[in-house]
Amino acid sequence: MSKVYVPPIKSQGIKTKLVPWIKNIVPHTFNGVWIEPFMGTGVVAFNLAIDNAILADSNPYIISFYKELSDGKITPDIVKNFLQNEGKLLREKGEDHYYHIRERFNNYHEPLDFLFLNRSCFNGMIRFNKKGGFNVPFCRKPKRFSQSYITKIVNQVSYIYQLLQVKNYTFLCQDFRDTISLGADEDIIYCDPPYIGRHVEYFNGWDEEKEIKLNELLGDTDSKFILSTWHSNDFRENEYLKTIWSEYHLLTREHFYHVGGKEKNRNAMLEALVTNFPAVFTIQEYTKPIQLTLCEEQESYQVIAQQLHAR
Ligand SMILES: C[S@@+](CC[C@H](N)C(=O)[O-])C[C@H]1O[C@@H](n2cnc3c(N)ncnc32)[C@H](O)[C@@H]1O
């Protein structure tokens, strides 16, 4: 599988590991608009690199960052100089400087300050208080912006900067309800909302009313859709898959989360993709696309892969 590019803005719901899976079910002939109402880090869209895309999110700071990168107001060189200067001040002044940037960001909302915070806060989290202020504490590493870390971030910026020069991408700060209505029949809407029934801290919360609204809007759309959600872990199941999403096609895949890096804390989670079209798996070694019948069945991606290898 080809390299997965990690974008410069991190977030706790990033779908890096699911990119090859999602890429595999997008029809090879697809040439419509790729629409993401919940772009988050944008890792899925930036790796699929489809020619036309609408990428939206209710978090205005993610959108401002990518708009400025797209307009050329932010360039890889600007990012490099900025992180070198601010990184030097962080080394000299320690955490006071992090909190100074946090306050500056909460007053002026500059995209580069957002990048700085996102790459030096605790666990790369994006979290806001009730008044809308970014409130994630410092990662406690005053030497965070080493030369190699800056180079890594600049390379991440550079990949997307170049992509945006050759693709036609629109970034919108808006609610998912306004984005889904933009889809035409030749388009694909990829939805990755905050996971229902699980504890998440995003710019906006997520509840049953929103999940039902999303279900209604995707039920009415002329576009194809792919929804990312969770299926189950050792303790719980996502009940909505058996109710409002049950009429669609379901694909599942096991994913492991490590808590604190210990083997005994390795938690299995079954991730799910729900689609309104039959997913065709085109695993590269096979010349012929393989059609899987998945509607209302729970197929594990691993099991499917084993079956394919056994052929
Ligand atoms: C799970 S994250 C998306 C992760 C993304 N697929 C990735 O791989 O990085 C969910 C995103 O939905 C956004 N969001 C939450 N409520 C929203 C709403 N009502 N409308 C649009 N976006 C929303 C959050 O700001 C967050 O960026």
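Each value in this text was obtained by applying a stated rule to the coordinates, not by laboratory testing. Please read these numbers as outputs of a predicted model, since none were measured by experiment. Backbone-built Cβ (ideal geometry, glycine too); neighbour counts: all protein chains shown.
Structural remarks
- With 22 Å as the limit, the listed pairs Lys17/Lys210; Lys213/Lys242; Lys23/Lys213; Lys3/Lys143 have Lys17/Lys210; Lys23/Lys213; Lys3/Lys143 beyond it between alpha carbons.
- Relative to its Kirkwood radius, the Cα radius of gyration of segment 1-93 gives an Rg/Rh of 1.04.
- Here is the list for segment 1-100: trypsin sites (Lys or Arg not before Pro) lying in DSSP coil, each with at most 16 other C-beta atoms within 10 angstrom of its C-beta, are Lys3, Lys73.
- Near the amide H of Ile189, within less than 5 Å, lie the amide hydrogens of Ile35, Lys224, Phe225, Ile226, all on another chain or at least 5 residues away, with H placed in the peptide plane.
- Taking amide H as placed 1.01 Å from N in the peptide plane, the amide H of Thr75 sits under 5 Å from none that are at least 5 places away or on another chain.
- Residue-wise HN-Hα coupling along segment 84-97, computed from phi with Karplus coefficients 6.51, -1.76, 1.60 (Hz; x: Gly, Pro): 5, 5, 6, x, 5, 5, 5, 4, 6, 9, x, 5, 4, 5
- If you take the Cα centroid of segment 66-105 and the Cα centroid of segment 114-176, the two points sit 10 Å apart.
- Sites Glu92 and Arg140, calculated FRET efficiency, Cβ-Cβ separation with R0 25 Å, nearest 0.05: 0.95
- Phi to ³J(HN,Hα) by Karplus 6.51 cos²θ - 1.76 cosθ + 1.60 over segment 11-24, Hz, x for Gly, Pro: 7, 5, x, 4, 9, 3, 6, 8, 4, x, 5, 5, 4, 5
- Across segment 213-224, rounded Karplus estimates of 3J(HN,Hα) from the backbone phi angles (6.51 cos²θ - 1.76 cosθ + 1.60, θ = phi - 60°) give 4, 4, 4, 5, 5, 6, x, 8, 6, 7, 7, 6 Hz, Gly and Pro being marked x.
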